[in-house]
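The values are calculated or read from the model by the stated rules, or taken from the named source; none is laboratory data. Since the model is a prediction, treat every value here as computed from it, not as a measurement. Cβ placement follows ideal geometry from the backbone for every residue including glycine, while neighbour counts extend to all protein chains displayed. Side chains are part of the model used for accessible areas, which takes the heavy atoms of the whole protein and leaves out ligands, DNA and RNA. Shrake-Rupley method; radii C 1.70, N 1.55, O 1.52, S 1.80 Å.
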Amino acid sequence: MSTSKLSHADAAEQFIKDEPRTNWHDETLWFVRQKRDKAAHGLPEWEQLREWASQIKDHTLSNLDNYLLEFERNANTNGVTIHWATDGADHNRIIFDIIQKNNIQKIVKSKSMLTEECGLNEFLHAKGIETVDTDLGERIVQLRHEAPSHIVLPAIHLKKQDVSDTFHEHLHTEKGNNDPQYLTEAARQHLREKFIESELAITGVNFAIAETGGFVVCTNEGNADMGAHAAKIHIACMGFEKMIPKAEHLSVFLRLLARSATGQPITTYSSHFHKPREGQEMHIVIVDNGRSRQLGRADFRNSLKCIRCAACFNTCPVYRRSGGHSYHTAVAGPIGSILNPNIDMRANADLPFASTLCGSCSNVCPVKIDIHDQLWKWRQVLVSEGFVDTTKKVGLKGMAFVLARPGLYRFAGKAGRAMMRMFPWLLNNKLNPWYKQREMPAPPKESFRDWYIKNKQQ
Amino acid sequence: MSARETILKAITANKPTLVDLPAIDLAEVIQYNDLLQQYKTVLQSIGGGTVELQDLTSLKEELQTKKANGNFVVNRIPALGEVEESIAHLTATDLAAVETAYLEGTIAVAENGAIWLYESQMGNRLLPFICQHLVIVIEKKNIVPTMHHAYQQIESDKEGFGVFIAGPSKTADIEQSLVIGAHGARSLIVYII
């Protein structure tokens, strides 16, 4: 789901127009990153845990077809129906079929980035079917007709007043009452009604276990459980990379997930679903949507290890200052910038450039994905495939031409320094993209090379 | 070709060479000198409360008083008196009126405050989530250091459903302000005997 058709840079420019809000967004996310550090430092084996998680995921990806078959077999034995979807359209159609067959009117959904990726809400809406998102943050953005801006904290871009205004309009809360406790209570009452009357619950999947045919869903609010245990049908949607071999491996991932995401030692609820309850139907939709293609790209395969903790978002200096919506995709941030060009290279060619390549994302990743390296590699793929805009392409070509000719490079450097000294307005103007948001540096009197030649004798 | 075959075929063609699973060595994992103290500290830090008891007499009295006062309480602990079996057939509307549920936990985890519950201990899958307040009783000897130890002791697929619960329902979706009591239980008190 995208809220704008603007490129990342253009959408970010809109976002940062409100400077205090940009600073607030930056500080809020950094605060979450610090909580993650505290939680990580609380475990002496943290680095070992990351290594185990990374190795378990490497192993799983290298045997994924067999694990999926084992999972399917065991889930079937447990009385769960498995569906396979090659893409988002397939995924939506499967869910729509279940809805139609059972003549369902009332649907509650717990947070699932996969259903966002597949555009399920819009698809069902077009068919005249409304879903109610039940995660508080997701409900807030849903009422505002916005997309989540963060995979763990969907409404992190909003202030209390925004939520208060939204709830006043839709839930008739007191105008101007910005108390989070009061607003959460209003949402609790509103959503309880939805849970109780729901006929169908859709949830995501955090981990699917080949050995048992079961799956684990993690929430702090308990909304996935309220929906799944009340409704007569439960559909769980998962990208096939959610697979892990055995139940005992859950220990590694449950120790890492919440600590990396919010700094909590574990989410409030880690629910293990294996069989439908008496009289209930349980379905699992296993989705590809480009994942098998990514599995075949050796440089980008690692991105399928992601457990969606968003630690890379919270630490990213670009995400924190540009906001999630500027990434115009369901999964924003550094990891989204690797996953989305795989889904649509043309539409998402801007994203791998939305990074400083500082490597902070890779340093915090609980499954050791080489995120910044992959962003750098995507840039090369996108340039060679012709998916970057002309300005960037011409600029890079010109740069390559100059850098390959030392004489020309020295001349250009000299000319540039002279020009900056004599005609500063030639660079300090709106036509120069480097002048945006920053002052140009004072030109040095001589180049490093000149200084070196002069001083090396001494 | 069906979607299933298409996907599996693509995965088989694209997967990398088989690599081994790592061995998880518990000697590498954090040790706690005092499991009980660690458990209490962590649970309190995530919004839950703990009470240490010699036996269940006082809890039994509390339950009886609540019942006598007409509160809708559900007991699932044999040691506290009659166990409610009828809740298995109650609807979500009925259960939404439950004020307090008393449940027995299997294993408690010192590193994160979580307690494992089997479906049979809940009596109804919805109960621990939809009740307003949750009381869980655990035995001191069933506190384990970490999640690795917990999974060694539970059979997560033994029943149709099971859950680790760590504290009351909470959210921080409005400006990162922590609010206890989102959709699930507004409070969690763990009695340790």
Next item on the list: Can you tell me which residue within the range A:31-57, out of those that are facing another protein chain (nearest Cβ under 9 Å), of a type outside the set (Gly, Ala, Ser) and open to solvent by 40 Å² or more (accessible area, probe 1.4 Å), is nearest to the chain's Cα centre (by Cα)?
Entry: A:Phe31
Next item on the list: Output the number of residues of the range A:170-192 satisfying the condition of being closer than 25 Å to A:Trp24 by Cα and either modelled with pLDDT under 95 or open to solvent by less than 10 Å² (accessible area, probe 1.4 Å) (or both).
Entry: 3
Next item on the list: Check every one of the strands (runs of 3 or more DSSP E) wholly within the range B:94-193 and list those with 1 or more residues that are at pLDDT 95 or above and open to solvent by 10 Å² or more (accessible area, probe 1.4 Å).
Entry: B:100-104, B:115-118, B:133-138, B:187-192
Note to self: Looking at (1) more than 14 Å from chain A (Cβ to nearest Cβ); (2) surrounded by fewer than 19 Cβ atoms within 10 Å (Cβ to Cβ), which one does B:Ile77 not meet, given that it meets all the others?
What the structure shows: (2)
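One line per residue, one yes/no per condition, for (1) touching a His at 6+ places or on another chain (Cβ under 7 Å); (2) facing chain A (nearest Cβ under 8 Å):
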residue: B:Leu18; (1), (2): no, yes
residue: B:Leu21; (1), (2): yes, yes
residue: B:Asp25; (1), (2): no, no
residue: B:Val29; (1), (2): yes, yes
residue: B:Leu36; (1), (2): no, no
residue: B:Tyr39; (1), (2): no, no
residue: B:Val42; (1), (2): no, yes
residue: B:Gly49; (1), (2): no, no
residue: B:Leu53; (1), (2): no, no
Next item on the list: Please tell me if A:Asn23 is within 10 Å of another protein chain (Cβ to nearest Cβ) and either modelled with pLDDT of 95 or more or open to solvent by 70 Å² or more (accessible area, probe 1.4 Å) (or both).
Entry: no
Note to self: Looking at (1) more than 27 Å from A:Lys368 (Cβ to Cβ); (2) touching a strand residue (DSSP E or B) at 6+ places or on another chain (Cβ under 9 Å); (3) open to solvent by 20 Å² or more (accessible area, probe 1.4 Å), which one does A:Met282 not meet, given that it meets all the others?
What the structure shows: (3)
Next item on the list: Show the residue pairs that are 6+ apart or on different chains and have beta-carbon atoms under 7 Å apart, the first residue being within the range A:177-188 and more than 7 Å from chain B (Cβ to nearest Cβ), the second being modelled with pLDDT of 95 or more and crowded, with 19+ Cβ neighbours inside 10 Å.
Entry: A:Asn177/A:Ser164; A:Asn178/A:Ser164; A:Ala186/A:Phe167; A:Ala186/A:Thr173; A:Ala187/A:Leu136; A:Ala187/A:Arg139
Note to self: Suppose we filter the range A:265-285 for residues that are under 18 Å from A:His83 (Cβ atoms) and assigned to a loop (DSSP other than H, G, I, E, B); how many remain?
What the structure shows: 4
Checklist line | Hits in the range A:132-148 (condition: touching a helix residue (DSSP H, G or I) at 6+ places or on another chain (Cβ under 7 Å), away from chain B (no Cβ under 12 Å) and assigned to a loop (DSSP other than H, G, I, E, B)) | finding: A:Arg144, A:Ala147
Check: Which of the following residues is open to solvent by less than 10 Å² (accessible area, probe 1.4 Å) and over 25 Å from the mean Cα position of the chain (by Cα): A:Phe96, A:Phe167?
Finding: A:Phe167
Check: Quick check: is even one residue across the range A:260-270 more than 29 Å from B:Val29 (Cβ to Cβ) and at the interface with chain B (Cβ under 7 Å from one of its Cβ atoms)?
Finding: no
Next item on the list: Go through the range A:230-258 and give me each residue that's among the charged types (D, E, K, R) and either open to solvent by less than 10 Å² (accessible area, probe 1.4 Å) or touching a Cys at 6+ places or on another chain (Cβ under 8 Å) (or both).
Entry: A:Glu241, A:Arg255
Next item on the list: Mind listing whichever residues of the range A:58-81 are more than 8 Å from chain B (Cβ to nearest Cβ) and farther than 13 Å from A:Ala210 by Cα?
Entry: A:Gly79, A:Val80, A:Thr81
Next item on the list: Being surrounded by fewer than 19 Cβ atoms within 10 Å (Cβ to Cβ) and touching a helix residue (DSSP H, G or I) at 6+ places or on another chain (Cβ under 8 Å) is the filter here, so list the residues in the range B:25-49 that pass it.
Entry: B:Leu26, B:Glu28, B:Tyr32, B:Leu36, B:Gly49
Notebook entry, point to check: Could you count how many residues in the range A:321-359 are surrounded by fewer than 21 Cβ atoms within 10 Å (Cβ to Cβ) and not aliphatic (A, V, I, L, M)?
Noted result: 8
Checklist line | Matching option when the condition is within 13 Å of another protein chain (Cβ to nearest Cβ), small (Gly, Ala, Ser) and either closer than 15 Å to A:Ile202 by Cβ or buried (at least 22 other Cβ atoms within 10 Å of the Cβ) (or both), among A:Gly88, A:Gly119 | finding: A:Gly88
